[in-house]
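Step one of this worksheet: look at the structure below.
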Amino acid sequence: MSEIRELGSKSAIVFTGRIFGQFIGFISVIIIGRLLGAEIYGQFVYITSFLSFFIIIPKLGMENGIVSFLSRNTISKEEKRSILSFSLRLTGTLSLIVIVVSYLNAEFILKTLLNDVAYGELFLLLLPTIILDSVKAMLQSSLRAVRKIKEITFMENLFAPISKILFVILLVIIFNIQNYLPLVIPLYVNSFASIVYYIYKLNKLGLIGKVSKQFENMQLVRFSLPLLFTGVVSIITHNVDQYMIGYMRGATDVGIYRIALQFGTFSSMALGAVNTVFAPLISNLYHDNRIRDLSNMYKLTTKWITAINLMIFGMILVFSEDIMHLAGEEFMAGSVALILVCLGQIINSIVGSVGYLNTMTGHPQLNLIGSVIAMAVNVVLNLLLIGPLGINGAAIATAASLGVGNIIAFIFMYKSLKIHPYDKSYISLFGVLALSTVIIYILSSFMDINYLLRLIICGVVYSALFVFLVFKFVMSEYEVNTLKKEIKKVFKKA
C-alpha cells in the first residue's frame with residue numbers, strides 16, 4: 001500500500017525531528033533543575049500555568065479560525081491580509097484590556113486565586129506575556145494555514161529551547177542570578193524573536209497589510225467563537241493540575257511535578273509523529289470508501305505507537321528514581337508521579353489516533369464530548385487527591401482523565417466505523433514488556449555503580465532487548481521489512 005509507505009516514511013522523519021526536540025527539552029529542564037532548583041522553577045511554572053487561563057479571552061478562538069480562512073483558495077490575498085491584520089488588532093486590544101484589569105486587581109488575584117501575595121513581583125513581570133502569547137498564536141496559525149510548518153518548528157523546537165539553555169547558563173553561572181529572572185528573560189526574548197520572525201515570513205508571503213473596511217472581518221469572530229470552548233477545555237486540561245498543586249501544596253511541588261510531567265510524556269512523541277502524517281490520510285481513505293485500508297493502517301500505527309510507549313514505560317518503571325535524579329536529588333520525590341504520568345501515556349497510545357479518526361470522518365463533536373468529560377474528571381480528581389496524595393494525586397488525575405477521554409473517543413469511533421486495532425500480537429507485546437523489565441531489573445540490582453552510568457548501560461541493554469523481542473515475536477514479516485526500508489531511507493536523507 002502506497003499510503004502505508006508514505007505514512008512510514010514521513011512519520012519516521014517527523015519522529016526523528018521530535019526526538020531531537022525532546023532531547024534539547026530534556027537538557028533544558030535538567031539544567032534548570034540543577035541550577036535553580038524545584039522551588040524557583042515551580043514558582044515560574046505556577047504563574048505561567050495560571051496566566052494561560054487569561055490568554056483564552058483575547059484569542060477568542062481566532063487562532064483556529066485563521067487556519068480555516070487563510071487556507072481557502074476562494075479568499076483573495078487582499079482579504080486574507082485584512083483578516084490577519086484585523087485578528088492581530090483585536091487580540092492585541094483585548095490582551096491590553098486583560099492586562100490592565102489584572103493589574104488593577106492584582107491584590108485580589110494574589111490573595112484569592114494564587115493564595116500567596118509573595119508571587120506579586122513574578123506575576124506582574126509575566127503579565128505582559130499575555131499580549132505576546134496571543135499575538136504569537138495568531139501569527140503561528142497564519143503560517144500553518146499556508147503550510148509553513150518548518151518555520152514554526154525551527155522557532156519552537158530549536159531556537160526557543162537552545163536559547164533558553166544558553167540564557168539560564170549565562171545568567172546563573174556567569175552573573176550568579178539565583179531567582180526566576182533566568183527563566184523570565186529568555187521567555188521574553190523568545191517571544192519577541194518569534195513575533196519578528198513570523199511577521200518577516202508572512203510579509204514575504206504578502207500577508208501583512210492593513211484592515212480593509214470593504215471586507216466583513218467580523219466573520220472571523222463569528223466563525224471562531226464556537227471554537228473558543230474547545231480551546232478552553234484544552235487549556236484547562238493541560239494546566240489545571242499544575243495550578244492546583246501550586247495553590248494547595250506550594251511551588252516546590254509544582255517544580256517537581258513539572259519535571260515528572262516532561263519526562264513522563266516523552267513517549268507521546270510517537271503518537272504525535274504518526275498523527276502529523278496519518279490525519280490527512282484518514283480523510284482520503286474514508287471519503288474513497290476504503291475502510292479496510294483505513295483499518296489496516298490504524299492497526300499498524302497503533303501497534304507501533306504502543307510498542308514505543310511500552311518500551312519507554314518499562315525503563316521508567318525500573319529507573320524512575322534515577323531518571324528524576326538527573327534534575328537533582330530533590331526531584332527524586334517525583335519518581336512515583338513519573339510512573340503514573342507515563343502510565344497515562346500508555347492508555348493514550350493503546351487507542352492510537354482515535355481522535356483524528358473521529359474528526360477526519362466528520363464527527364469532531366464526539367471528541368469534544370470526550371474532552372469535556374475528561375476535563376471534568378481531571379478537575380474533580382485533582383481537588384480530591386492533591387490534598388492527601390500531593391503530586392501523586394495530580395498524576396493519578398492526569399492518567400485517569402486521559403484514560404476516560406480516550407476510551408470515550410474510542411467507543412464513539414468504533415460505533416461509527418466498526419474498526420479496532422487489536423489482535424493476538426498485543427498479548428505478545430505485553431509479554432515482551434514483562435520479560436524485558438524483569439531481566440533489566442535483575443541486571444540493575446547487581447550493578448553497584450554510579451546512578452548515571454547504571455542508567456546508560458541498562459538503558460542501552462534494555463532497549464536492544466526490547467526491540468529484538470518485538471521484531472522476533474510481535475511484528476509480522478511485512479511490518480519488519482517495511483520498517484527496515486523506511487529506516488534506511490531516513491538515514492540516507494540524513
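Ignoring everything except DSSP H segments at least 4 long, calculate the 222 nm mean residue ellipticity for the chain; use -39,500 (n - 2.57) per segment, divide by total residues, nearest 500. It would help to have the intermediate numbers written out before the result.
Values: 20 runs with 394 residues, N = 494.
Calculated mean residue ellipticity at 222 nm is -27500 deg cm²/dmol.
Working from label points 7 Å from Cα in the Cα-to-Cβ sense, the Lys111 to Leu435 distance is 6.5 nm. In order along region 79-87, the phi-based Karplus estimate (6.51 cos²θ - 1.76 cosθ + 1.60, θ = phi - 60°) of 3J(HN,Hα) comes to 5, 4, 4, 5, 5, 5, 5, 4, 5 Hz; Gly and Pro are listed as x. Across region 129-142, rounded Karplus estimates of 3J(HN,Hα) from the backbone phi angles (6.51 cos²θ - 1.76 cosθ + 1.60, θ = phi - 60°) give 5, 4, 6, 5, 5, 5, 5, 4, 4, 5, 5, 4, 4, 5 Hz, Gly and Pro being marked x. As a rough guide to protection, the peptides 189-199, 256-266 ranked by mean Cβ packing within 10 Å, highest first, stand as 256-266, 189-199.
Subtracting the Cα-Cα distance of Lys204 and Thr93 from 0.36 nm times their residue separation leaves 37.4 nm of extension gain.
Backbone amide hydrogens, once placed in the peptide plane, bring Ser353 within less than 5 Å of nothing, excluding anything fewer than 5 places away on its chain. Rounded to whole numbers, the Karplus 3J(HN,Hα) couplings from phi for region 146-154 are 9, 6, 9, 6, 4, 5, 5, 4, 4 Hz, using 6.51 cos²θ - 1.76 cosθ + 1.60 with θ = phi - 60°, and x at Gly and Pro.
The value given for the chain is a Kirkwood hydrodynamic radius of 24.2 Å, derived from the mean inverse Cα-Cα separation. Among the listed pairs Lys418/Lys472; Lys59/Lys210; Lys77/Lys150; Lys299/Lys415; Lys136/Lys303, those whose Cα-Cα separation exceeds 27 Å are Lys418/Lys472; Lys136/Lys303.
Peptides 461-469, 367-375 ranked from most to least packed by the mean count of surrounding Cβ atoms within 10 Å: 367-375, 461-469. The residue among Gly42, His420, Thr230 whose Cα reaches farthest toward the positive pole of the charge dipole of the chain, with charges on the beta-carbon of Lys, Arg, Asp and Glu, is His420. Using the Cβ-Cβ distance between Leu104 and Ser163 with R0 = 30 Å, the FRET efficiency computed as 1/(1 + (r/R0)^6) comes to roughly 0.35.
Quick note: the coordinates plus some simple rules give every number you see, no bench work behind them. This structure is a prediction, so every number in the text was calculated from the model and none was measured. A quick note on method: Cβ atoms are made from the backbone with ideal geometry, for glycine too, and the neighbour counts reach across all protein chains shown.
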